[in-house]
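Peer 1: Would you mind keeping the following structure in view while I ask a few things?
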């Protein structure tokens with residue numbers, strides 16, 4: 001089972017263009033957190049995955065010596081092998097989750113790198129949603145842009161990124177100028193656009 005897991009893992013890494021060692025390192029960290037919870041290990045766990053066989057080893061961290069006088073935390077630990085049965089199956093499921101997360105991370109980074117270099121460019125998209133506060137347009141599959149609509153009575157220091165009185169219908173195609181791209185840790189990069197500049201207003 002362990003060797004089969006490693007073979008499947010390596011195949012997925014090749015298909016998704018993910019560095020094998022990086023994935024294994026993330027997988028070990030993820031498994032360590034999970035096993036610390038599942039096995040009720042007060043001071044945490046360390047997990048290692050044999051790079052050849054795929055066998056998973058779980059070690060309980062047992063504090064030794066005295067805690068730090070300032071922080072009250074232990075800085076040195078012994079390790080006790082507490083590897084339970086079925087670790088390979090458990091690891092395989094975590095591997096799938098980590099690969100999905102890595103693929104999402106790579107996609108987010110790719111979008112950010114592409115559009116952060118296009119600030120000032122004109123984009124065309126299809127309106128997905130329009131509210132009194134914002135409009136979301138689809139630039140292409142998996143990439144959306146936001147056009148904020150600030151109520152200047154509530155946000156006098158902001159600016160409404162659409163021409164006065166303009167309204168958008170669902171699936172309407174509109175143009176916008178990219179003015180900002182944010183790269184949050186746990187969400188798609190937020191491409192922010194406006195339609196206030198003359199080339200857009202007349203489009």
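Peer 1: Can you report the number of residues in the range 51-70 which are closer than 18 Å to residue 92 by Cα and either at pLDDT below 90 or surrounded by 19 or more Cβ atoms within 10 Å (Cβ to Cβ) (or both)?
Peer 2: Residues of the range 51-70 closer than 18 Å to residue 92 by Cα: 51-58.
Cutting the leftovers down to either at pLDDT below 90 or surrounded by 19 or more Cβ atoms within 10 Å (Cβ to Cβ) (or both) gives us 51-56, 58.
The number of residues fulfilling the criteria is 7.
Peer 1: Taking only the range 119-144 into account, find how many residues are exposed (fewer than 13 other Cβ atoms within 10 Å of the Cβ) and not in a strand (DSSP E or B).
Peer 2: 7
Peer 1: In addition: Condition check: farther than 30 Å from residue 179 by Cβ, modelled with pLDDT of 85 or more and not in a helix (DSSP H, G or I). Does residue 25 satisfy that?
Peer 2: Values: farther than 30 Å from residue 179 by Cβ: yes; modelled with pLDDT of 85 or more: yes; not in a helix (DSSP H, G or I): no.
Answer is no for this residue.
Peer 1: Evaluate the following for residue 15: is it without any contact (Cβ under 8 Å) to a residue 40 or more places away in the chain, closer than 30 Å to residue 142 by Cβ, in contact with a helix residue (DSSP H, G or I) (Cβ under 8 Å, 6 or more places away or on another chain) and not assigned by TED's automatic domain parsing to the domain that holds residue 142?
Peer 2: Details: without any contact (Cβ under 8 Å) to a residue 40 or more places away in the chain: yes; closer than 30 Å to residue 142 by Cβ: yes; in contact with a helix residue (DSSP H, G or I) (Cβ under 8 Å, 6 or more places away or on another chain): no; not assigned by TED's automatic domain parsing to the domain that holds residue 142: yes.
Answer is no for this residue.
Peer 1: Hey, another quick one. In the list 58, 47, which residue meets the criterion of being free of Cβ contacts under 8 Å to residues at least 24 places away in the same chain, in a strand (DSSP E or B) and touching a strand residue (DSSP E or B) at 6+ places or on another chain (Cβ under 7 Å)? If you could, list the steps in order and put the result at the bottom.
Peer 2: On the way: 58 fails: free of Cβ contacts under 8 Å to residues at least 24 places away in the same chain.
Residue meeting the stated conditions: 47.
Peer 1: I'm told residue 95 meets every condition in (1) in a helix (DSSP H, G or I); (2) closer than 21 Å to residue 8 by Cα; (3) in contact with a strand residue (DSSP E or B) (Cβ under 8 Å, 6 or more places away or on another chain) except one. Can you identify the failing condition by its number?
Peer 2: (3)
The values are calculated or read from the model by the stated rules, or taken from the named source; none is laboratory data. The shown structure was predicted, so the numbers you read here are calculated from the model rather than taken from an experiment. Counting neighbours? That spans all protein chains shown, and the Cβs are built from the backbone with ideal geometry, glycine included.
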